[in-house]
Amino acid sequence: MIRRLLLIPLLAVAAITALPQAALAQARDPILVSEISQHEVLVRQGFTGTELLLFGAILDPDGSRARADYDIVVILRGPNEAIRLREKQQFAGIWINAENTDFRSVPSFFALASSSPVDQIVDQRTAAIYEFGLDYLQLSPTGTIDPEEHARFTAGLVDLRSRMELFQQDEGGVTISEDVLYQARIHLPSNVVVGRYVAETFAVRGGRVIASATSEVQVRKGGFDRVVAEQAQVNSFFYGLLAVALSVFMGWVAGRLFALV
């Protein structure tokens, strides 16, 4: 009984002594401050795309300049969507739809910029956890699928969206000034999907993510396009009737013009 009474205070003292050390170790991690040039992008008729500037600084907890070298990885991700990807094959001289697969959640836009090549700053496990690059995107297919077939469809999807500028990767696109300030430029093409975009910034040192920060960008329809999009969602039935009536009217007008010619 005496041993128990003596042991409890000793354990309590050890725990109290360890707590400040753990808190101090955590407090030594730097603070990442991130910002984005515009938090709202309006997509109007004739929209040709825009460029976003993602910038910020990394500081010690006391507000002074960080005293160690680090790398920065910036990811801009658009809203997720479910898609069906079809594979075409040539048969008897014509192209036909062959196999297809469904993906439950695919980012409509994905862009990565980093201060150094990803494979030089983190290992593959860390890159997979944070999706540092197009090779590490977690695209989950619907149902069961053969691993080789899944890899083929995934590569095809990444290639297709890369050619559409919806998937981008620029290893070296982040510049760091005086070991404090960083900036990266990401191009939003004209075919972007409206919705909520999330910009994530990661500070990496010694192969470990030591700080992160998040900003948001809202991509919205503007002008007449916005009115049409809102009516298509709010009054879908009447919008459909109007679209059919307008098509019939335009066809009638075109027929009359050709008859006069």
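Cα extents for the stretch 122-200 along the principal axes, largest to smallest and rounded to whole angstrom: 49, 34, 22.
Entry note, the stretch 32-221: relative contact order of 34 percent, from Cα contacts under 8 Å with a spacing of 6+ residues. Just so you know, the Cα atoms of the stretch 32-221 work out to an Rg and Dmax of 18.6, 71 Å. The gain in end-to-end length when the Ser162 to Leu181 segment is fully stretched comes to 3.9 nm, 0.36 nm per residue minus the alpha carbon separation.
Each reported figure results from applying straightforward, stated rules to the coordinates on display, with no laboratory input. Keep in mind it's a predicted model, so treat the numbers as computed, not measured.
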